[in-house]
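Let me begin by presenting the structure, written as structure tokens, before commenting on it.
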Amino acid sequence: MREYLRKNGIRMAIIVFSVAFIIGLSSAARNGRVGFLQNMTGVLESPVKKVLSSTVNWFNTIYGYLFDYDSLLAENESLRSQLADAQKSARDGIAASEENARLRKLLELRDAHNDYVMESSKIVLWSSSNWSSSFTISKGSASGIELGDPVITEYGVVVGQITELGTNWATVSTLVDVDMSVGAFVGDTGTSGMVVGEYSFMKRNQAKLTYMADGAQIFVGDVVLTSGSGGAFPAGLVIGTLSAVKTESGGQLEYGVVEPGCDFSQLVQVFIIKDFSVVE
């Protein structure tokens, strides 16, 4: 027996310890405590569960962000559309208001000149040439417009003259165009002359008052009106005002620098005088 224990004592001790350890684990499990194997499984599962939980939360966050982002994009697009509609309505309202104001002034002009037969037209295109000052309107011979017809604003201010004509379009050369000439007189003094276009003046958006009688007196600030001479324009339309009085290079003849009465850059609609009474 003693010899058996000497040879097998360690093995038996290990067996006894193992049995005691297993009994202890079972007892702990029965007492509600987690067993060793379960504890090891829990240790391994814990970080995995944390990663999975974090991943699910991340996907939920990303999905929510994408959903909110799409919703914001749709809302933003809707607001843009509403803003564009509102801006268009505002522009239409302003345009309608401006056109009504022009038509009221036109009625006043017609009341003052009931011999005028006029046609209104919108400007559709300005010339891009550096050698002329002209624009295209949306009406032509089909509306009774003819070459040479004078073109004015609703205030009775000279804009220019019809110089090219199509069925449903026409070209208007402005007062400052190099090919334009209008019979004129200076309001206060009654001095007669011609307002003509010259290239150097046109580049400054001005015209030249010249061909005046010897000894004629003109002054800065004088109003220049159409004289009606030649029959192309009715008398009494406003051409502009004199911004300067100068002397020709020879030192003998004076001429005036005419500032047009209308701002060409602001023109939207013009009025063509198709017929008027010529004063003899």
Notebook entry, point to check: Which of the residues belonging to segment 271-280 are aliphatic (A, V, I, L, M) and at pLDDT 95 or above?
Noted result: ILE272, ILE273
Margin query: Please pick out the residue among GLU198, GLU154 that is among the charged types (D, E, K, R) and over 19 Å from LYS246 (Cα atoms).
Written below: GLU154
Notebook entry, point to check: On the given criteria, is SER129 free of Cβ contacts under 8 Å to residues at least 24 places away in the same chain and either in a strand (DSSP E or B) or within 30 Å of TYR211 (Cα to Cα) (or both)?
Noted result: yes
Note to self: Just the residues that are out of contact with any Leu (no Cβ under 6 Å at 6 or more places or on another chain) and farther than 15 Å from PHE264 by Cα, please, taken from segment 147-179.
What the structure shows: GLY148, ASP149, PRO150, THR163, GLU164, GLY166, THR167, ASN168, TRP169, ALA170, VAL178, ASP179
Note to self: On the basis of being over 18 Å from LEU209 (Cβ atoms) and among the aromatic types (Phe, Trp, Tyr), does PHE276 make the cut?
What the structure shows: yes
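Just for segment 213-265: of the residues that are aromatic (Phe, Trp, Tyr) and either touching a helix residue (DSSP H, G or I) at 6+ places or on another chain (Cβ under 8 Å) or more than 20 Å from PHE276 (Cβ to Cβ) (or both), which one is surrounded by the most Cβ atoms within 10 Å (Cβ to Cβ)? Spell out how you get there, then give the answer.
At the first step, the residues of segment 213-265 found to be aromatic (Phe, Trp, Tyr) are 219, 233, 255, 264.
Then keep just the ones that are either touching a helix residue (DSSP H, G or I) at 6+ places or on another chain (Cβ under 8 Å) or more than 20 Å from PHE276 (Cβ to Cβ) (or both); that gives 219, 255, 264.
On the way: PHE219: 12, TYR255: 20, PHE264: 16.
Looking at the filtered set, the residue picked out is TYR255.
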Note to self: For segment 143-189, give me each residue that is of a type in the set (D, E, K, R), modelled with pLDDT under 95 and either in a strand (DSSP E or B) or touching a Lys or Arg at 6+ places or on another chain (Cβ under 7 Å) (or both).
What the structure shows: GLU154
Next item on the list: Kindly provide the set of residues from segment 76-132 that are among the hydrophobic types (A, V, I, L, M, F, W, C) and modelled with pLDDT of 85 or more, ordered by number.
Entry: VAL117, MET118, ILE123, VAL124, LEU125, TRP126, TRP131
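The values are calculated or read from the model by the stated rules, or taken from the named source; none is laboratory data. Keep in mind that what you see is a predicted model, and the values were worked out from it rather than measured. Cβ atoms come from the backbone with ideal geometry, glycine included; neighbour counts cover every protein chain shown.
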